[in-house]
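Just so it is clear, none of the values below were taken in a lab; they were calculated from the coordinates. The structure displayed is predicted, hence computed values, not measured ones. As a convention, Cβ positions derive from the backbone with ideal geometry for all residues, glycine included, and neighbour counts pool all protein chains shown.
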């Protein structure tokens, strides 16, 4: 016969028996529990839970007033600073080119520059509609390409101006 079967058959004989208080005290002492201990009091745990909930609600309400900025809003603010810097650079270079060539067209340069400006305007509209880091990066790249294109044109114009000045000096010497 197994122990399970023995316990099932004689269950009623076990139900009315309880260990003495002395045995329970020994068990509690070996486990580290004592009846009536304030640490194990259910009232203390309830009070701690209430304090925790009140503190959580207070902190949540305090932080609710200042909404955290989303990544897209931060990207938009950062872009405005970058844009201001690069637009100033572009304006200066365009003025320099205009000084070099008042009446002559800039050939392929003008067309490329206008295409980049058109792409920039589309990207800028996208940035205002749905700001994101990718759009910001594309806008900055566009600005950098335009500055590079302006620098190349300035270099060509300065080289041409230098060559033209050298020819004039040679003709004046002859």
field: Burial order of peptide ranges 13-22, 147-156, 110-119 (average beta-carbon count within 10 Å, highest first)
entry: 147-156, 110-119, 13-22
- request: Please order 96, 127, 121 by the number of other Cβ within 10 Å, starting at the fewest.
  value: 121, 96, 127
query: So if R0 is 41 Å, what FRET efficiency would residue 9 and residue 44 give, r being the distance between their Cβ atoms, rounded to the nearest 0.05?
result: 0.40
Relative exposure of 58, 86, 120, judged by other C-beta atoms within 10 Å (fewest first): 58, 86, 120
field: Exposure proxy order (Cβ contacts within 10 Å, fewest to most) of 59, 139, 123
entry: 59, 123, 139
